[in-house]
Amino acid sequence: MKKTNKYTFTGLFCIALSTISISMNAQKKDFKKLPSGLEYKMIVDNPSKPLATEGCMITMHIITSANDSVLFDSYKMNNNEPVPAQIAAPQFKGDLMEGLSLLSAGDSAIFKTPADSIFKNGGFPPFVKSGDFVFFNVKMVSVKTKEQHEAEAKAEASKQMKVDEIAILKYIKDNKLKALKTESGLYYVINEKGQGENAKANQKVSMNYTGYLLDGTIFDSNILEKFGHVQPLDFNLGVGQVIKGWDEGITLLNKGAKGKFIIPSTLAYGSRAMPGGPNNPKGIPANSILIFDVELLNAE
């Protein structure tokens, strides 16, 4: 199963998601300017808290606007949840990253940068032109060092793995499966053996699959016509183009093999909920164990 992309600032800046009129007049005064040209105005400042320095993992609410029209509103577009990001070195003059590094948890500020810097490769929204400015109204929710973030993620994953293990073992027992377990926690069943050597990392593989949740809800398939993509799924194995459970599980198969993967959430989408479609409006809930019936058609 293909992975979905995380939030990117390119997406936040460049996609005009709505043209909701807002009054920005009060926000266009009393800005300070950094040497790079990025302008800013602090609304709430907590100088006693650590700043979001390069490498830090943050969550924030952000409203991006230009000429009284909204380009992105995380409150509305992310179910009122803050969006995650990692602080990186600024890539151009006026890059918002430089402004975010001025903030700590609980801070809020408005940043102003030339639209020409944001849309330097063209693609201006119809209501933005060269010479205009783009405003970023940011509320910083959390700031964690990379080490803090990784330690917390590891602890949470360990806790979730124990929960998943109990549910998986019950599923295996209830369905009378003879499943094997890998060191990572992936369970698998080989229903039909194929021919030749097992698939290897960096090979291009071709797959048929049907994916479902523990309760039997099918969320995707390339062999069921109702999902609208009845053709083999091709991708490069072992390079992160699919979830971890697939990258590992497919190396247990050879050409023509059929099997079942029972993938703990930590090897799937983790705590991220995945959006659904017409045939699965609820999508994939956070921390879901995923089950796939798979067939390796080819590996080369």
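The values are calculated or read from the model by the stated rules, or taken from the named source; none is laboratory data. Note that the structure is predicted; figures quoted are calculated from it, not measured. So basically every Cβ, Gly included, is an ideal-geometry build from the backbone, and we count neighbours across all protein chains shown. Remember, those area values only see protein heavy atoms, side chains included, never the ligands or the DNA or RNA. Shrake-Rupley method; radii C 1.70, N 1.55, O 1.52, S 1.80 Å.
Laid out as a table, the results:
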| item | result |
| --- | --- |
| Charged-residue dipole, Cβ positions (Lys, Arg, Asp, Glu), the chain about Cα centre, Debye nearest 20 | 180 debye |
| Cα lying deepest toward the dipole's positive end in segment 169-300, options 172, 213, 297, charges on Cβ | 172 |
| Qualifying aspartates and glutamates (Cα of each under 20 Å from Cα of residue 282; at least 8 residues distant if same chain) | 81, 215, 220, 225 |
| Cα-based shape type of segment 67-154, given that a ≥ b ≥ c are square roots of the gyration tensor eigenvalues and the cut on a/c is 1.5 | prolate |
| Above-threshold pairs, the threshold being 18 Å between Cα atoms, out of 76/139; 176/226; 32/112; 162/260; 33/112 | 176/226; 162/260 |
| Check: segment 178-226 dipole with +1 on Lys, Arg Cβ and -1 on Asp, Glu Cβ, in debye | 160 debye |
| HN-Hα J in Hz across segment 93-110 - Karplus 6.51, -1.76, 1.60, θ = phi - 60°, x for Gly and Pro | 5, x, 4, 4, 3, 5, x, 4, 6, 8, 9, 10, 4, x, 6, 9, 7, 10 |
| Accessible area of segment 114-262 belonging to carbon and sulfur atoms, whole % at 1.4 Å probe | 52 percent |
| Dipole of the chain [Lys/Arg +1, Asp/Glu -1 at C-beta], most positive-end residue of 65, 101, 186 | 186 |
| For the chain: relative contact order, % (alpha-carbon pairs under 8 angstrom, 6 or more apart) | 16 percent |
| Lysines with Cα under 18 Å of residue 255, excluding same-chain neighbours fewer than 8 positions away | 193, 200, 204 |
| Karplus-derived HN-Hα couplings along segment 200-205 (A = 6.51, B = -1.76, C = 1.60, θ = phi - 60°), whole Hz, x at Gly and Pro | 10, 4, 6, 7, 8, 10 |
| Farthest positive-ward along the chain dipole, Cα basis, beta-carbon charges - from 223, 163, 199 | 163 |
| Long-range HN-HN contacts of residue 134 with modeled amide H, under 5 Å | 113, 115 |
| Rounded if a/c under 1.5, otherwise prolate or oblate - segment 204-287, Cα gyration tensor axes | oblate |
| Among [x] 26, 22, 20; [y] 53, 21, 18; [z] 44, 22, 17, the entry that matches semi-axes √(5λ) of the Cα gyration tensor in Å as calculated here | [z] |
| Whether segment 150-189 is rounded, prolate or oblate, judged on the alpha carbon gyration tensor where a/c under 1.5 counts as rounded | oblate |
| Between helix 146-174 and the chain: long-axis angle, C-alpha atoms, 0 to 90°, nearest 10 | 30 degrees |
| Per residue, in Å², the accessible surface of the chain once ligands and nucleic acids are set aside, probe 1.4 Å | 54 Å² |
